[in-house]
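The values are calculated or read from the model by the stated rules, or taken from the named source; none is laboratory data. Every value quoted in this text rests on a predicted model; they were computed, and no experiment measured them. Positions of Cβ are generated from backbone atoms using ideal geometry, with glycine treated the same way; all protein chains shown enter the neighbour counts. The protein model used for the area step is the full one, side chains on, heavy atoms only, and it has no ligands, DNA or RNA in it. Shrake-Rupley method; radii C 1.70, N 1.55, O 1.52, S 1.80 Å.
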Amino acid sequence: MATEILSRRALNRATLARQLLLERSGLSAVAAIEHLAGLQAQAPDSSYVGLWSRLRDFRVDDLAKPMVSREVVRSTLMRGTVHLVTAEDGLALWPTVKPVIERGFLGHYSREIAGLDLTAIAEVGRRLLAGRPRTRAEIRTALADRWPGADPAVLAYAVNSLLPLAHVTPRGLWGQRGPVAFSLLEDWVGEPITDGVALDDLVLRHLTAFGPATVRDAQVWSGLTRLKEVFERLRPRLRTFTDTEGKELFDLPDAPRPDPETPASPRFLPEYDNVLLSNADRARVIPDGRRVPLPPGTGGRRGTLLVDGEFLAVWSIEGATLTIESRTPLRDQDSIAEEGARLVEFVAPGEKHDIRFGIGG
């Protein structure tokens with residue numbers, strides 16, 4: 001039997017459906033975060049816009065409350081980047097992705113850490129954080145006294161890479177500012193780190209949120225390598241397809257794969273959104289190979305715009321003015337403006353808004 005070929009548009013609609021971007025979902029914020037296997041969250045306010053674009057009637061408190069109650073946490077996980085995950089997932093994912101985080105640190109700072117006892121640094125960091133949350137500056141100062149010849153910033157990054165940490169509130173609550181403070185993840189959540197997520201289960205979680213996917217897609221999302229044998233082990237439980245270039249795709253048999261002609265409404269995405277960054281082949285959502293902008297800051301006021309499911313523009317909000325910039329004039333500007341008006345009301349409620357279209361981006 002010939003293997004079914006999935007067009008780029010078919011992959012686009014499937015990915016949008018898994019990511020809750022084809023139709024807004026009625027899931028709670030916590031259930032959505034679990035379904036998505038986390039949201040990339042370097043910019044702390046970005047997750048609010050990401051969930052607003054995915055969930056019906058989402059309000060700031062829908063995320064802020066479970067963050068305060070520690071039902072969800074921000075932690076360094078997949079690909080060594082900060083993700084917003086359920087507390088349960090954070091405790092389980094850390095042991096599985098720990099080699100990725102350590103590998104990234106060791107590779108980046110190989111010269112700076114030569115001759116240092118990383119086990120001792122991690123142990124001192126653990127004792128330091130066991131008392132109360134500490135800022136990176138406090139960690140630097142404490143470790144510099146113990147290792148006066150080493151770069152204090154590198155010592156602090158070592159602690160962040162060798163130990164499971166939570167980025168504690170109030171940072172991560174909408175509109176809150178101030179330095180990042182860290183706690184041991186198990187102390188913050190009040191439960192121990194688990195034995196880790198089995199690789200088979202991790203791949204199934206990836207397919208649920210991002211499929212259909214190649215082996216390489218799953219490796220890019222997680223940062224893990226050598227997942228081909230995991231897919232082979234799971235092959236009897238999965239469906240297989242090919243894309244238009246002949247690459248093999250795996251998927252869950254009953255996962256949504258909508259008709260490629262299913263309409264896709266405009267969606268405003270925040271910085272660092274999962275749907276743009278978590279596949280090896282990004283062509284299903286980025287038609288022209290453009291780079292995803294990764295602006296600094298706390299997030300929530302700039303990002304990218306999907307039009308008919310594709311990244312075609314960037315947006316920013318200054319005050320209550322939304323500016324949308326694209327390389328060529330956008331189709332269906334009325335529906336984009338309607339969605340944009342709702343976005344401004346979410347980000348800057350009660351203020352008189354203005355929406356501007358421009359060429360650039």
Checklist outcome for this item: For the chain, the accessible surface attributable to carbon and sulfur atoms (probe 1.4 angstrom, ligands and nucleic acids excluded) amounts in percent to 49 percent
Next on the checklist: Considering only C-alpha atoms, what is the centroid distance from the range 58-72 to the range 268-320, in Å?
Outcome noted: 24 Å
Next on the checklist: Give the separation of the Cα centroids, the range 123-158 to the range 1-54, in Å.
Outcome noted: 37 Å
Checklist entry - Which value, in Å², gives the accessible area per residue of the chain when a 1.4 Å probe is used on the protein heavy atoms? => result 44 Å²
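What value, in deg cm²/dmol to 500, does the helix sum -39500 (n - 2.57) over DSSP H runs of n ≥ 4 give at 222 nm once divided by the residues of the chain? Show your work: numbers first, answer last.
Numbers: 14 runs with 143 residues, N = 361.
Value at 222 nm, helices only, nearest 500: -11500 deg cm²/dmol.
Give me the percent relative contact order of the range 267-359, please, defined on Cα pairs under 8 angstrom at least 6 residues apart.
Numbers: 140 pairs, mean separation 24.0, N = 93.
The normalised contact order for the range 267-359 reaches 26 percent.
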Checklist entry - Whose amide H sits under 5 Å from the amide H of Gln42, counting only residues 5 or more places off or on another chain, with H placed in the peptide plane? => result Val82
Item to check | Karplus-derived 3J(HN,Hα), 6.51/-1.76/1.60, for each residue of the range 109-124, Hz, glycine and proline x | outcome: 10, 4, 6, 5, 9, 4, x, 7, 8, 5, 4, 5, 4, 5, 5, 5
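Among 209-219, 192-202, how do they line up by average Cβ neighbours within 10 Å per residue, starting with the highest?
Numbers: 209-219: 22.6, 192-202: 15.4.
Answer by packing, highest mean first, reads 209-219, 192-202.
Report the local net charge at Leu312: Lys and Arg +1, Asp and Glu -1, summed over other residues whose C-beta lies under 15 Å from its C-beta. Write out the running numbers ahead of the final one.
Details: positive: Arg8, Arg9, Arg267, Arg282, Arg284, Arg290, Arg291, Arg327, Arg331; negative: Asp273, Asp288, Asp308, Glu310, Glu325, Asp332, Glu339.
Neighbourhood net charge equals +2.
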Item to check | the chain: angle of helix 87-108 to the longest principal axis, Cα-based, in degrees nearest 10 | outcome: 80 degrees
Checklist entry - Near Lys228, which lysines are there with a Cα under 24 Å away, not counting those fewer than 8 places off in the same chain? => result Lys98, Lys247
Checklist outcome for this item: Residues meeting the amide H criterion for Thr321 (H placed from the backbone, H to H distance under 5 Å, 5 or more places apart or on another chain) are Asp354
Checklist entry - Do you know the relative contact order of the chain, to the nearest whole percent, from alpha carbon pairs under 8 angstrom that are 6+ apart? => result 21 percent
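Rounded to the nearest 0.05, what FRET efficiency do Asp201 and Asp288 have when you use their Cβ-Cβ distance and R0 = 35 Å? Walk me through the numbers before you get to the answer.
On the way: r = 35 Å, r/R0 = 1.01.
Computed FRET efficiency for Asp201 and Asp288: 0.50.
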Checklist entry - Trp147: net charge of surrounding residues, Cβ under 14 Å, Lys/Arg +1, Asp/Glu -1, itself excluded? => result -3
Item to check | Radius 15 Å from Cβ of Asp332, net charge of other residues (Lys, Arg +1; Asp, Glu -1) | outcome: -3
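How would you rank 138-145, 17-24, highest first, on the average number of other Cβ atoms within 10 Å across their residues? Could you put the intermediate results ahead of the total?
Details: 138-145: 17.6, 17-24: 20.8.
Listed from highest to lowest mean packing, they are 17-24, 138-145.
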Checklist outcome for this item: Calc'd 3J(HN,Hα), the range 64-79, phi into Karplus 6.51 cos²θ - 1.76 cosθ + 1.60 (θ = phi - 60°), Hz, glycine/Pro = x, comes to 4, 5, x, 6, 5, 7, 6, 6, 10, 9, 9, 7, 6, 9, 4, 6
Checklist entry - Amide H to amide H, which residues 5 or more places from Glu271 or on other chains are under 5 Å from it, using H placed in the peptide plane? => result Gly300, Arg302
